[in-house]
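Enquirer: Attaching a single structure in structure tokens format; questions to follow.
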């Protein structure tokens, strides 16, 4: 039954692709792509945290959000594809109560990661593995502003 539930959750989350704020053709927006490499065995905890923090529904309500999409690639690989009216809107998003709850639940604390710039990406690699209460082994972020014109 638990496996069936997780399959249903996965199917639901992979099909979510909704839009937030409308953007004019001349407007510059900030796009961010996040690739999350999960510690083996933490997928159920991660998905439960996504649902309990309501990050999908709450993020789509944020005034600076253009779109927010979560893609489950495998039980150790998840990606987020998101667009914001500007970089500040993304920074504001990361400080919201639902994201703060989510980060706490999955044990994400940037101080526990080595952060490097690789090409155009910011890469977080877990440096402290003594705690079992964390889900993310590696996080790769790619963000950039673009204009449709």
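Enquirer: State all residues of the range 33-48 that are out of contact with any helix residue (DSSP H, G or I) (no Cβ under 7 Å at 6 or more places or on another chain) and under 18 Å from residue 94 (Cα atoms); if no residue qualifies, say none.
Expert: 33, 34, 35, 36
Enquirer: What residue, of 70, 38, 141, is over 11 Å from the mean Cα position of the chain (by Cα) and surrounded by 14 or more Cβ atoms within 10 Å (Cβ to Cβ)? Steps first, answer last, please.
Expert: On the way: 70 fails: over 11 Å from the mean Cα position of the chain (by Cα); 141 fails: over 11 Å from the mean Cα position of the chain (by Cα).
Every option except 38 fails the conditions.
Enquirer: Would you check which residues across the range 94-137 are within 20 Å of residue 68 (Cα to Cα) and part of a helix (DSSP H, G or I) and list them?
Expert: If the condition is that a residue be within 20 Å of residue 68 (Cα to Cα) and part of a helix (DSSP H, G or I), then 94, 97, 98, 99, 100, 101, 102, 103, 106 are the ones that fit.
Enquirer: Now, a different point. Working carefully through the options 78, 16, find the one that is touching a strand residue (DSSP E or B) at 6+ places or on another chain (Cβ under 8 Å) and at pLDDT 90 or above. Break it down into steps so the answer makes sense when it comes.
Expert: On the way: 16 fails: at pLDDT 90 or above.
Answer to the selection: 78.
Enquirer: Does any residue of the range 43-54 turn out to be over 23 Å from residue 132 (Cβ atoms) and surrounded by fewer than 19 Cβ atoms within 10 Å (Cβ to Cβ)? Walk me through it before giving the result.
Expert: Going residue by residue through the range 43-54, those that are over 23 Å from residue 132 (Cβ atoms) are 54.
Then drop every residue that is not surrounded by fewer than 19 Cβ atoms within 10 Å (Cβ to Cβ), which leaves 54.
Looking for residues that are over 23 Å from residue 132 (Cβ atoms) and surrounded by fewer than 19 Cβ atoms within 10 Å (Cβ to Cβ), one finds at least one in the range 43-54, hence yes.
The values are calculated or read from the model by the stated rules, or taken from the named source; none is laboratory data. Computed from a predicted structure; not experimentally measured. Cβ sites come from the backbone with ideal geometry, for glycine too, and all protein chains shown count toward neighbours.
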